Amino acid sequence: MKITPATPQHIPAIQHIYAWHVLHGSATFETEPPDADEMQNRLSALLEKGGIWLVAQEEEEEEVIGYCYLTPYRPRYAYRFTLEDSIYLHPERTGRGAGRALLTEAIRLAEARGFRQLVAVIAGNDNQASVGLHRALGFRETGVLKAVGFKHGRWLDTHFMQRELGTGDATSPEALLPPF
């Protein structure tokens, strides 16, 4: 498994994977798939602010089989040490360790930059694989918002999980991170 930073060349594959989840899954509450230009805008906006967006590829192939990105948890300045993760895998390439590899590398990069908390907001009632992945990587469940989304003719919950990064809240931040 090869984990690398996302580039504009990865956008067609990223858009394809995300469109599938928009149309068929509940991991996102978007209901219309964004086109490749919009996905490029999202990637560019995140990277311009120093954000983290990774792709997973099989060693022997160039095909993108999944991606993960970290965004600020909330826009207010006091949240600047907290990130939220998003992970999407190609529906035919799950169960091969790509999610674990992506999230492990994202955690490593976030800790290296001084972030202290990572939040997962897991949408839908059928995303137990995502809950299990996050639990296996040290996240703990912190709450559920019941029936906050309606998609594919059913109500959907949102599960919150959280993981400390570095020393978490045991120490004050050594440097003030700029918001991104």
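What list do you get for Y88, Y77, Y67 if you sort them by fewest beta carbons within 10 Å?
Lowest to highest Cβ neighbour count: Y77, Y88, Y67.
Over what distance in Å are the Cα centres of the range 91-109 and the range 29-69 separated?
Computed from Cα coordinates, the inter-centre distance equals 14 Å.
Which FRET efficiency value, to the nearest 0.05, do you get for A147 and V121 by plugging their Cβ-Cβ distance into 1/(1 + (r/R0)^6) with R0 = 22 Å?
E(calc), rounded to 0.05, equals 0.90.
For the range 145-159, just list the computed ³J(HN,Hα) in residue order, Karplus coefficients 6.51, -1.76 and 1.60, θ = phi - 60°, integers in Hz, with x standing in for Gly and Pro.
Computed from phi, the couplings for the range 145-159 are 9, 7, 6, 8, x, 10, 8, 6, x, 8, 7, 10, 8, 10, 9 Hz.
Work out which trypsin sites (Lys or Arg not before Pro) in the chain are exposed loop sites (DSSP not H, G, I, E or B, at most 12 other Cβ within 10 Å) and give the longest gap free of them.
Within the chain, the longest run free of exposed trypsin sites (Lys or Arg not before Pro) spans 77-180.
Using DSSP, restrict attention to beta bridges with both residues in the range 2-164 and report what percent are antiparallel, rounded to the nearest 5.
90
Quick check: pseudo-label points 7 Å beyond the Cα along Cα→Cβ at T31 and R154, how many nm apart are they?
Rounded to a tenth, the inter-label distance reads 1.7 nm.
Using a/c under 1.5 as the rounded threshold, could you call the range 2-164 rounded, prolate or oblate? The axes a ≥ b ≥ c are square roots of the C-alpha gyration tensor eigenvalues, and prolate needs a/b larger than b/c, oblate otherwise.
Taking the square roots of the gyration eigenvalues as a ≥ b ≥ c, the range 2-164 is rounded.
Per residue of the range 113-122, in order, report the coupling 6.51 cos²θ - 1.76 cosθ + 1.60 (Karplus, θ = phi - 60°) as ³J(HN,Hα) in whole Hz, putting x for Gly and Pro.
8, x, 6, 10, 9, 10, 10, 10, 10, 9
Quote the FRET efficiency, to the nearest 0.05, computed for S172 versus E60 with a Förster distance R0 of 41 Å and r equal to the Cβ-Cβ distance.
0.35
Only counting other Cβ atoms within 10 Å, I'd like V148, V55 sorted with the fewest neighbours first.
Listing V148, V55 from fewest to most nearby Cβ atoms yields V148, V55.
Restricting attention to the range 81-180, which GluC sites (Glu not before Pro) occupy a DSSP loop and are surrounded by at most 16 other Cβ atoms within 10 Å?
E92, E174
What spacing in nm lies between the two simple spin-label points modelled at E38 and R76, each 7 Å away from Cα in the Cβ direction?
Label at E38, label at R76, 2.9 nm between them.
Summing Lys, Arg as +1 and Asp, Glu as -1, what charge do residues with Cβ under 15 Å from the Cβ of A56 carry, A56 excluded?
-4
Every number here is computed from the coordinates shown, using simple stated rules; none is lab data. Please read all numbers here as calculations on a predicted model, not as lab measurements. Cβ atoms come from the backbone with ideal geometry, glycine included; neighbour counts cover every protein chain shown.
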